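The numbers here are math on the coordinates, done by the rules we state, and not lab data. Predicted, not measured: the structure shown is a model, and the values here were computed from it. Note that each Cβ is placed from the backbone with ideal geometry, even for glycine, and that neighbours are counted across all protein chains shown.
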Amino acid sequence: MSDWTVEDLGNSVFLFRWPSGFYVSLFVVTNEGVVAVDPINAAAARAYRAAIARVTDAPIAAIIYSHDHRDHIVGASELAPDAEILAHPRALERITTRRDADIAVPTRLVQDEDDLRFGRHRIGVRYFGPNHSQSNIGLLVETDGGTLLSFCDLVEPGLAPYRNLPDTDFAGLRHTLDRCIELGVDLVLGGHAGPDRANWLVWNRDFYRDLLDAVKRAYAASGGQEPLPGEDGVAMTERVRLAVCNAAADALRPTYGAWRGFDAWAPQTADRVLSYLITGN
Ligand SMILES: [Zn+2]
């Protein structure tokens, strides 16, 4: 039994789902070959290749890296060793700096407003600055359900934002969500969940706004950093942070508590937002 599925979104746009690894990637079958987003990892890429072969004999002509994070872009050599690899310049920069031996280096750089043409198919590229990583790009494709925005790890429909927002520019993330909302798309897809209604962009924007407000309020109410008798600086800091994060998560629970992962991740995401409040980054 295979541990992957393919979903047809119409207009030759498909999703490769790899539930055992909790991933989803988009691919488009064009008359200039298949364009596949994110190989994920070596094992997933082998399944991905089989999934693509189920719907077309066309070669995989291009791979697009959504962003530079290792958990999405290892395995291009398994997926299609000869494909060109498209990514944002900052992804190339990061991959090169890290010297990741298992990540194929991008061969073609893309940027905001690029309109990639593969036969009759078009894939729009959007980059609104740093958000989740410095290099994360949104991809616009037409499906039978309307215009879909694929923006890996930026918005994961149905899921609470992941833990402590790894490698995220918090202000840039909020800016990017605002810009995505202006696109007026019909559907959104992440790298782990979706597609679903574009309202998830608005709900994520509101989540971060409400979380920032809640953390601010809870931090102000905590009375700042006053040690209890016998408490050292480390213990004091940890006590205050924990109280602030739990209070902020409690404040958001009535509105967002049904999102999957909320209880596990919201306090940690509040902790990340508290760092943003304290440092400005
Ligand atoms: Zn990521």
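Which net charge results for the neighbourhood of residue 14, defined as the other residues with beta-carbon distances under 12 angstrom from its beta-carbon, given Lys and Arg at +1 and Asp and Glu at -1? Spell out each step's value before the answer.
Working: positive: 17, 54; negative: 7, 8, 144.
Spelling it out: positives minus negatives among the neighbours equals -1.
Compute the long axis of helix 199-221 from its Cα atoms, compare it with the longest principal axis of the Cα atoms of the chain, and write down the angle in degrees, 0 to 90, nearest 10.
For helix 199-221, the angle is close to 20 degrees.
Could you list 69, 132 so that the one with the fewest beta carbons within 10 Å of its beta carbon is first and the one with the most is last?
Numbers: 69 21, 132 26.
With the fewest neighbours first, 69, 132 line up as 69, 132.
If a/c stays under 1.5 just call it rounded; otherwise compare a/b with b/c (prolate if a/b is bigger, oblate if not). Do that for region 89-176, with a ≥ b ≥ c from the square roots of the Cα gyration tensor eigenvalues.
Values: a/c = 1.87, a/b = 1.11, b/c = 1.69.
It is oblate, given that a/c is not under 1.5 and a/b is not larger than b/c.
Taking the Cβ of each residue in 125, 188 as the centre, tally the other Cβ atoms inside 10 Å and list the residues starting with the fewest.
Numbers: 125 18, 188 26.
The most exposed by this proxy come first: 125, 188.
Can you find, among 229, 274, 247, the residue farthest towards the positive end of the dipole of the chain? Put +1 on the C-beta of Lys and Arg, -1 on that of Asp and Glu.
229
First select every other residue whose beta carbon is under 10 angstrom from the beta carbon of residue 163; then total the charges, Lys and Arg +1, Asp and Glu -1.
Numbers: positive: 272; negative: 271.
Within the 10 Å Cβ shell, the charges total 0.
Mind checking which of 11, 31, 131 has the largest fluctuation in a GNM of the chain, springs on alpha carbons under 10 Å?
In this elastic network of the chain, the residue with the biggest mean-square fluctuation among 11, 31, 131 is 31.
Remind me, relative contact order of region 150-281 in percent, using alpha carbon pairs under 8 angstrom and six or more residues apart? All intermediate terms of the calculation are to be shown ahead of the outcome.
Working: 172 pairs, mean separation 46.5, N = 132.
It rounds to 35 percent for region 150-281.
So how tilted is helix 170-182 from the main axis of the chain? Cα-based, degrees 0 to 90, rounded to 10.
Between helix and principal axis, roughly 50 degrees.
How do 237, 176 rank when sorted from fewest to most other Cβ atoms within 10 Å of their own Cβ?
Working: 237 13, 176 25.
Fewest-to-most ranking of 237, 176: 237, 176.
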